[in-house]
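Taken together, the values in this text are just the output of simple stated rules run on the coordinates, not laboratory data. All figures in this text were calculated on a predicted structure; none of them were measured in a lab. Cβ atoms come from the backbone with ideal geometry, glycine included; neighbour counts cover every protein chain shown.
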Amino acid sequence: MNSRNDFYQMLGGVGTALVVTVISGMVMWQKPAFAEVMVWQLLIVIAIFMVTNDRIDENRVGIRRAALWILLLLIFSLSWRIPTDIFFIYTIIWVACTPFYLSAKSCWAWLLLINVAWYFVRSVVWQDANPLIQTLLVGTFHVFALLSATTAKESQQANEKTQQLNRELLATQHLLGEASRESERTRIARDLHDLLGHHLTALTINLQVAGRLISGESGEAKEKVDQCHALSKLLLNDVREAVSELHDMPSLDLRELLEITVRDIPRLKISLKIEDQLQLDDVNTAEVFLRLVQEAITNTLKHSGAHNATIQVYTQGEQILLNYSDDGNGCDDLKEGNGLTGMRERVERLGGKLHIESKPNFNLQVTTPS
């Protein structure tokens, strides 16, 4: 989810828990178990806050995942001690959170176990007269909550996929634009060199010959020939300088290209560091860098669980280096899929090298000739 939706999810869960706390406090007011109930529910509210707060780094220390199971234990411990129907709302909140932590099969399995547990609590602990009917009624709320949460997660994933495709499309469009401009500059430079350059060279030679033919003469004719000869040489030098500038002009804005690629990545903050004097003229190299960054970000989001990543691009001697690293968990045995394998082949075709490390976190470094 994006940060706004995450905040609304946390607000909804904590707000609902607080309402339940207030209502149960009013019910238990002036009863001996009032203080105990409020302490239990305070712990439940804290646990819900931790489960729904995406700012807590669950992937590094497991706090949110641990809070999820502690929350379930707190709910049934409270229900075991205090027979109040309203507490089933807490398990509805718990079920609504599970799609963001567990697989779909696990979510439905736990929903079934929770309803079995509620049936046991009602029939054995609370001595309810109609435990089955009450459990079935409450179970429908749990099913609805799980379906809604699953739909929200699928919508989140579809939205993130759409955003990813849009970023890739914009980056590719930018790259194609740069390639088109480079091709146009090359064509203009070639035309200037092949057409104007050759004609001016021929004109200069003819003016030299004309100058020699009238070398023994004086007057306006010789003066005009000498002026034309000087102008032709000056124009030829200007054309050569223009052609050289067109060839030397940096054709790619790598910083803008990568900024488009890393913009608004969900759940991942990316720091982009590009050497100020870096010039990249080769479109093929730029495309390889672009695809490598996209593939690295995809691997981070799928497997690493990182919250931060850094991209560095700089020159070292006659080479250009790109380094990507994150602060995720990494893995002991990295198996390169089709994406990374394809990238390695493309880097090698450029005469470069690709090095990947998966411990202690994901790190990718590519070196290409400048």
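Things to note:
- The share of alpha-carbon pairs in segment 252-369 lying farther apart than 19 Å comes to 42%.
- Cβ crowding within 10 Å averaged over residues, with 302-314, 350-362, 152-164 ranked highest first: 302-314, 350-362, 152-164
- Long pairs among 273/353; 153/269; 273/359; 302/359; 105/161; 161/353, criterion Cα-Cα beyond 27 Å: 161/353
- Cβ crowding within 10 Å averaged over residues, with 30-41, 106-117 ranked highest first: 106-117, 30-41
- For the peptides 126-133, 75-82, the ranking by mean Cβ contacts within 10 Å, running from highest to lowest, is 75-82, 126-133.
- Linear extension gain, residue 314 paired with residue 140, 0.36 nm per residue minus alpha-carbon span: 56.8 nm
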